[in-house]
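Asks: Below is a structure I'd like to ask you about.
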Amino acid sequence: MIGIIGAMADEVNGLKFVMSNVLIETVSSVDFFLGKLCGINVVVAESGVGKVNAAVAAQTMILKYNTDYVIFIGVAGGLHDALKIGDVVIASSVVEHDMDTTPLGDPPGYITGLDRVYIDCDARLADILERCARETGLNTLRGTIASGDQFIADDDTRNRLKNMFNAYAAEMEGASVGHVCAMNGVKFAVLRTISDTADSSSHIDFPTFCKMAAENAIKVIKASITQI
Ligand code: ADE
């Protein structure tokens with residue numbers, strides 16, 4: 001079973017509408033859509049925004065639906081200079097940029113328990129997503145994605161995430177799903193498309209381009225699902 005999670009309706013509806021044999025189950029206020037996507041068994045959920053919501057959806061998928069893979073999809077704020085609105089970022093690793101135990105001597109982003117800063121994504125899954133994104137005609141980069149419970153919309157924070165974590169994109173869920181998957185030994189990937197550049201124009205760009213960018217991520221999932 002492949003689990004696919006997006007935070008918002010625009011990030012997953014395009015998948016739900018083309019699934020067949022759909023059964024809907026609600027757990028912890030999240031609707032899980034079970035069915036087939038291009039003939040493959042999937043479970044799709046709209047988690048809600050932020051790290052806790054995404055973690056609850058991921059943990060539920062793993063325990064209740066025994067997912068072999070969890071893929072988080074949706075939009076992000078671009079941090080890498082080469083990224084334009086609509087482009088794709090596939091995570092090589094994820095980092096919780098708001099995890100901060102530095103007063104205790106840990107490096108920024110350090111996750112006590114997992115005992116690391118960066119959580120690696122499954123390389124084979126990332127390869128498939130990257131190849132399919134390119135074949136779909138989308139500009140694609142692979143790099144670290146930074147997650148935190150914060151919409152990034154100013155240059156200072158943007159530069160901090162770029163410089164401190166070498167992050168290519170900022171969003172609010174991927175690393176929490178990576179954290180849950182690492183705790184459970186489940187393979188995961190994060191596929192994001194750029195809706196804004198996490199700066200002072202983001203409050204305008206995000207609502208303007210969110211739907212268009214989210215549709216690009218959905219195209220990539222449809223193109224890659226049979227190869228996973
Ligand atoms: N998702 C899309 N754009 C974002 C931003 N600028 N900050 C955090 N999450 C986002």
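Asks: Take the range 214-228 and flag every residue that is farther than 12 Å from V12 by Cα, touching a strand residue (DSSP E or B) at 6+ places or on another chain (Cβ under 7 Å) and surrounded by 20 or more Cβ atoms within 10 Å (Cβ to Cβ).
Replies: Correct list: V220, I225.
Asks: Consider T197 carefully, then state whether it is open to solvent by 10 Å² or more (accessible area, probe 1.4 Å) and either away from the ligand (no atom under 14 Å from the Cβ) or closer than 21 Å to A54 by Cα (or both).
Replies: no
Asks: Tell me the residue from T140, T136 that is among the β-branched types (V, I, T), more than 12 Å from the chain's Cα centre (by Cα) and farther than 15 Å from H80 by Cβ, please.
Replies: The match here is T136.
Asks: A follow-up question, please. If I go through the range 116-129 residue by residue, how many of them are closer than 17 Å to S176 by Cβ and open to solvent by 60 Å² or more (accessible area, probe 1.4 Å)?
Replies: Total meeting the criteria: 3.
Asks: Hey, any hits in the range 31-54 for a residue that's touching an Asp or Glu at 6+ places or on another chain (Cβ under 8 Å), open to solvent by less than 50 Å² (accessible area, probe 1.4 Å), among the hydroxyl-bearing types (S, T, Y) and within 16 Å of the ligand (Cβ to nearest atom)?
Replies: yes
Asks: Among residues belonging to the range 150-189 that are touching a Leu at 6+ places or on another chain (Cβ under 9 Å) and part of a strand (DSSP E or B), point out the one that is surrounded by the fewest Cβ atoms within 10 Å (Cβ to Cβ).
Replies: Out of the qualifying residues, it is K187.
Asks: Which residues, taken from the range 56-75, are within 16 Å of the ligand (Cβ to nearest atom) and either in contact with a Pro (Cβ under 9 Å, 6 or more places away or on another chain) or under 19 Å from D122 (Cβ atoms) (or both)?
Replies: Hits for the range 56-75 are F72, I73, G74.
Asks: Can you name the number of the only condition in (1) surrounded by 24 or more Cβ atoms within 10 Å (Cβ to Cβ); (2) farther than 23 Å from V52 by Cα; (3) within 16 Å of the ligand (Cβ to nearest atom) that S147 fails?
Replies: Here S147 clears every test but (2).
Asks: Determine which member of the set T136, T197, T157 is of a type in the set (S, T, N, Q), under 20 Å from I225 (Cβ atoms) and in contact (Cβ under 8 Å) with a residue 12 or more places away in the chain.
Replies: So the residue among T136, T197, T157 that is of a type in the set (S, T, N, Q), under 20 Å from I225 (Cβ atoms) and in contact (Cβ under 8 Å) with a residue 12 or more places away in the chain is T136.
Asks: Between a first residue in the range 8-27 that is part of a strand (DSSP E or B) and a second residue that is open to solvent by 60 Å² or more (accessible area, probe 1.4 Å) and among the acidic types (D, E), which pairs have beta carbons less than 8 Å apart while being 6 or more apart in sequence or on different chains?
Replies: That search, which allows pairs on different chains as well, returns I24/D31; E25/D31.
The values are calculated or read from the model by the stated rules, or taken from the named source; none is laboratory data. All of these numbers come straight from a predicted model, not from anything done at the bench. FYI the Cβ positions are ideal-geometry reconstructions off the backbone, even for glycines, and counts take in every protein chain you see. These accessible areas exclude ligands, DNA and RNA; they are computed on the full protein's heavy atoms, side chains included. Shrake-Rupley method; radii C 1.70, N 1.55, O 1.52, S 1.80 Å.
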